[in-house]
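The values are calculated or read from the model by the stated rules, or taken from the named source; none is laboratory data. Nothing here was measured: the structure is a model prediction, and the numbers come from that model. Counting neighbours? That spans all protein chains shown, and the Cβs are built from the backbone with ideal geometry, glycine included.
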């Protein structure tokens with residue numbers, strides 16, 4: 001189940017404007033400022049390589065014509081001093097226009113960068129061909145929104161094995177909740193405060209500590225009583241969470257190196273347990289209805305029984321039911 005990061009996907013789509021400035025200059029809006037921000041432009045520079053031809057399209061400072069890099073990124077101090085930041089390579093090479101404003105250099109490093117860039121410009125030989133641009137993330141060198149989206153994850157790494165969630169024997173709403181929960185994205189008090197929403201920051205279930213996803217589901221005294229009931233019911237398949245453990249670590253450790261069928265079952269119990277703790281919290285906040293930990297445990301059993309009767313699934317013969 002693919003869940004797009006809408007911010008990153010929107011950025012990937014906005015890069016289309018910058019690409020079409022190059023590849024389809026007859027569009028009526030070309031020549032106006034496209035609806036992109038500074039980060040969009042940085043990503044576009046990192047995603048493209050420009051080969052100079054006549055120098056009439058490539059920007060001297062902002063296009064990646066210098067060994068696949070843009071001079072503004074290689075020499076940010078010089079770019080800051082330059083007066084003409086949006087001119088083409090051809091315009092800037094004429095009469096050494098690119099040096100305008102650089103007389104204000106005030107450090108040895110800036111002067112060294114100036115000499116280095118000067119040497120590069122001496123080796124530029126413009127031709128009668130048009131400047132060319134290549135998209136770095138596709139085999140054919142053409143922009144695609146998919147490649148632009150995926151490029152924003154390059155270098156990232158996560159041990160979060162989402163397949164354990166999507167293969168669990170629960171309903172889709174439970175799986176989506178678990179996907180949010182393990183990443184601490186459910187709307188607990190800490191996340192509400194970050195969004196500027198006024199709320200009571202203290203956990204309503206124990207009235208002892210700040211409400212976070214880690215605390216509410218794993219460390220709260222109420223939640224630990226629920227996990228205790230589940231541990232007894234499952235004959236030791238479920239454990240009471242360790243003190244101080246984080247949700248992602250808890251999820252990964254509990255499901256590590258288990259047989260496939262047992263892992264699916266345990267993931268289901270963990271998800272149903274967390275889901276019903278969350279529901280009990282919401283009932284207390286919004287409906288002023290207080291459930292005991294035993295009642296929450298019974299809710300877990302009831303939901304799992306309903307799921308098993310409706311959809312079939314693994315027999316839980318080892319459970320103390």
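The single condition among (1) touching a helix residue (DSSP H, G or I) at 6+ places or on another chain (Cβ under 9 Å); (2) closer than 18 Å to residue 60 by Cα; (3) not in a helix (DSSP H, G or I) that residue 128 does not meet is (1). Using the structure shown, decide if residue 173 is exposed (fewer than 15 other Cβ atoms within 10 Å of the Cβ), at pLDDT 90 or above and outside the structural domain of residue 272 (by TED's automatic domain parsing). Criteria not met by residue 173. Filtering region 122-140 for residues that are within 27 Å of the chain's Cα centre (by Cα), surrounded by fewer than 16 Cβ atoms within 10 Å (Cβ to Cβ) and in contact (Cβ under 8 Å) with a residue 24 or more places away in the chain leaves a non-empty set.
Where helices (runs of 4 or more DSSP H) sit wholly within region 42-106, those with at least 3 residues that are surrounded by 15 or more Cβ atoms within 10 Å (Cβ to Cβ) and over 29 Å from the mean Cα position of the chain (by Cα) occupy 76-81, 89-93. Whether a residue is at pLDDT 90 or above, more than 28 Å from residue 260 (Cβ to Cβ), assigned to a loop (DSSP other than H, G, I, E, B) and assigned by TED's automatic domain parsing to the domain that holds residue 283 was assessed, and residue 186 does not pass this test.
Between 242, 254, the distinction of being without any contact (Cβ under 8 Å) to a residue 60 or more places away in the chain, touching a helix residue (DSSP H, G or I) at 6+ places or on another chain (Cβ under 8 Å) and assigned to a helix (DSSP H, G or I) belongs to 254 only.
When residue 273 is tested against (1) at pLDDT 90 or above; (2) assigned to a loop (DSSP other than H, G, I, E, B); (3) surrounded by 15 or more Cβ atoms within 10 Å (Cβ to Cβ), only condition (2) is not met. Summed over region 242-270, the residues that are surrounded by fewer than 21 Cβ atoms within 10 Å (Cβ to Cβ) and more than 26 Å from the chain's Cα centre (by Cα) give a count of 11. Of the conditions (1) outside any helix (DSSP H, G or I); (2) out of contact with any helix residue (DSSP H, G or I) (no Cβ under 8 Å at 6 or more places or on another chain); (3) farther than 14 Å from residue 63 by Cβ, residue 138 fails just one. Which one is it? Of (1) outside any helix (DSSP H, G or I); (2) out of contact with any helix residue (DSSP H, G or I) (no Cβ under 8 Å at 6 or more places or on another chain); (3) farther than 14 Å from residue 63 by Cβ, only one is false for residue 138: (2). Summed over region 145-155, residues that are buried (at least 17 other Cβ atoms within 10 Å of the Cβ) and part of a loop (DSSP other than H, G, I, E, B) total 1. There is no residue in region 281-293 that is within 28 Å of the chain's Cα centre (by Cα), closer than 14 Å to residue 234 by Cα and in a helix (DSSP H, G or I).
Annotation: residue 180 fulfils all but one of (1) within 25 Å of residue 13 (Cα to Cα); (2) outside any helix (DSSP H, G or I); (3) not assigned by TED's automatic domain parsing to the domain that holds residue 14; the unmet one is (2). Of the residues that make up region 223-235, is at least one within 30 Å of residue 312 (Cα to Cα), in the same structural domain as residue 296 (by TED's automatic domain parsing), in a loop (DSSP other than H, G, I, E, B) and at pLDDT below 95? Within region 223-235, one or more residues are within 30 Å of residue 312 (Cα to Cα), in the same structural domain as residue 296 (by TED's automatic domain parsing), in a loop (DSSP other than H, G, I, E, B) and at pLDDT below 95.
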